[in-house]
Structure formats: structure tokens, C-alpha cells
Amino acid sequence: MYTKLFAVGMSFLTMATLASAQDVSVEKGARIAKIGGCHDCHTPGYSEANGVLDPAVALIGSPVGYQGPWGTTYAVNLRIEAAKYSETQFIDYLKHFETMPPMPWFNVHELDESEIRSLHQYILSLGAPGDPAPTYVPPGVKPTTPYIVFVPVMPAG
Ligand code: HEC
């Protein structure tokens, strides 16, 4: 009787373990990066190429700044960023970080554990980290790179 219960318990455990192991993959991470919009800002040229991904520059960060009242921010090199954390540390980090605009950090908090593990594996699979994106420029200081200005304009009249 106990042996049988134990066996049933074990098989549930095995199924659960298998399901969560299958749930984490580089392919799934690649999908999250696409549908989560990470390439839109963190991969140079991605939007301009209508979503055709150049693997050489995937998630290496943007040389073009985003300027608004917060100053000028640059979508960071996520290969460098992900490499700073173990897969497990990345979960805690992505669930709690906050940044300046226009990074939609509040959306990233919604990713679940298997999605974050997959994203970490995908980012690390991309290869050499490369160089960091330009550093943040405070308000009132002129950036030395191209930048996009985020200013709401009221229609005249
Ligand atoms: C609209 C553009 C945009 C999108 C979309 C976007 N990012 Fe960002 N991201 C940025 C910018 C700009 C920064 C730098 C913000 C700053 O300097 O405060 C940033 C910063 C980050 C950081 C913080 C790095 C640090 O130094 O703390 C992480 C992590 C990050 N992004 C992950 C992601 C992930 C994961 C996705 C996709 C799910 C994503 N981003 C989508 C623009 C974007």
C-alpha cells in the first residue's frame, strides 16, 4: 500500500520535473525576446529590417539614444548584462529591476520563471558579449551620438 502510494507520488514528481525541464529552452528564450519586444530597442537595425534578425548584433545594445526629461538613455547590451547573473539570479533581477524610460521594465516583471530562465539561456547562446552601449547622459547635457527625442507635441489651434 505504502509502496504503491510512493510509486504514484514518484511518477507525479517525475512528470512535473520533466514538464519544467521541457519548459526551459534557448528556442523559447528566442521567442520571448521577439514577442517581448526586446530586439525592437536592444538590437540595432532590427526594426528598420522589419524584424529580420542579424544574429551578429542580436541584443548587443543600441548606439542611438532616447532623450526625454530623464536625459538620454541607451538600450543596454543585454549580452553583457545577462552574463553578470547566474540563471537563478536573473529571475530575481528581472522580476524587480526598474530603469528610466523608455524601457518597459514593468512588462518584464510579468515573465514567469521558465520564461526568464529561457531568456537567460538564449542571451548567453548569442556569443561574444561585445562592447557596452553608450552611457547615460543626464538632462541638459548634449549627447555625442544620434538620439531620438520623446516629446509629446500638442496640435496647434
Ligand atoms: C522601448 C525600448 C525598449 C524595449 C522594448 C526593451 N528595452 Fe530594455 N532597455 C531600454 C533602455 C533605453 C534601457 C536603459 C534604461 C536606463 O538607462 O535606465 C534598457 C535597459 C534594460 C535593462 C537594464 C539594464 C541595467 O543596466 O540595469 C534590462 C535588464 C533590459 N532593458 C531588458 C529588456 C528585456 C528583457 C526586454 C524585452 C522583454 C527589453 N529590455 C525591452 C529600452 C528597451
Inset, instruction - For region 77-99, state whether one or more residues are in contact with a Lys or Arg (Cβ under 7 Å, 6 or more places away or on another chain), closer than 18 Å to residue 31 by Cα and assigned to a loop (DSSP other than H, G, I, E, B). - result: no
Inset, instruction - May I ask you to say which residue of 106, 97, 90 is aromatic (Phe, Trp, Tyr), closer than 24 Å to residue 147 by Cβ, touching a helix residue (DSSP H, G or I) at 6+ places or on another chain (Cβ under 9 Å) and within 12 Å of the ligand (Cβ to nearest atom)? - result: 97
Legend entry - Cβ pairs under 6 Å, 6+ apart, first in region 115-138 and open to solvent by 60 Å² or more (accessible area, probe 1.4 Å), second part of a loop (DSSP other than H, G, I, E, B): 132/77
Legend entry - Criterion: out of contact with any Leu (no Cβ under 8 Å at 6 or more places or on another chain), open to solvent by 30 Å² or more (accessible area, probe 1.4 Å), within 12 Å of the ligand (Cβ to nearest atom) and over 18 Å from residue 98 (Cα atoms) - qualifying residue of 64, 52, 76: 64
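Look at residue 153 and say whether it is more than 9 Å from the ligand (Cβ to nearest atom), without any contact (Cβ under 8 Å) to a residue 24 or more places away in the chain and of a type in the set (Val, Ile, Thr). Don't jump to the end; show me each part of the working.
On the way: more than 9 Å from the ligand (Cβ to nearest atom): yes; without any contact (Cβ under 8 Å) to a residue 24 or more places away in the chain: yes; of a type in the set (Val, Ile, Thr): yes.
Against the criterion (more than 9 Å from the ligand (Cβ to nearest atom), without any contact (Cβ under 8 Å) to a residue 24 or more places away in the chain and of a type in the set (Val, Ile, Thr)), residue 153 qualifies.
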Inset, instruction - Take region 99-114 and flag every residue that is buried (at least 17 other Cβ atoms within 10 Å of the Cβ) and either under 22 Å from residue 66 (Cα atoms) or among the hydroxyl-bearing types (Ser, Thr, Tyr) (or both). - result: 103, 108, 114
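The values are calculated or read from the model by the stated rules, or taken from the named source; none is laboratory data. On a predicted model such as this, the values are computed, not experimentally measured, just so you know. Backbone-built Cβ (ideal geometry, glycine too); neighbour counts: all protein chains shown. Each accessible area value is taken on the protein alone, full model and side chains, heavy atoms only, with ligands, DNA and RNA left out. Shrake-Rupley method; radii C 1.70, N 1.55, O 1.52, S 1.80 Å.
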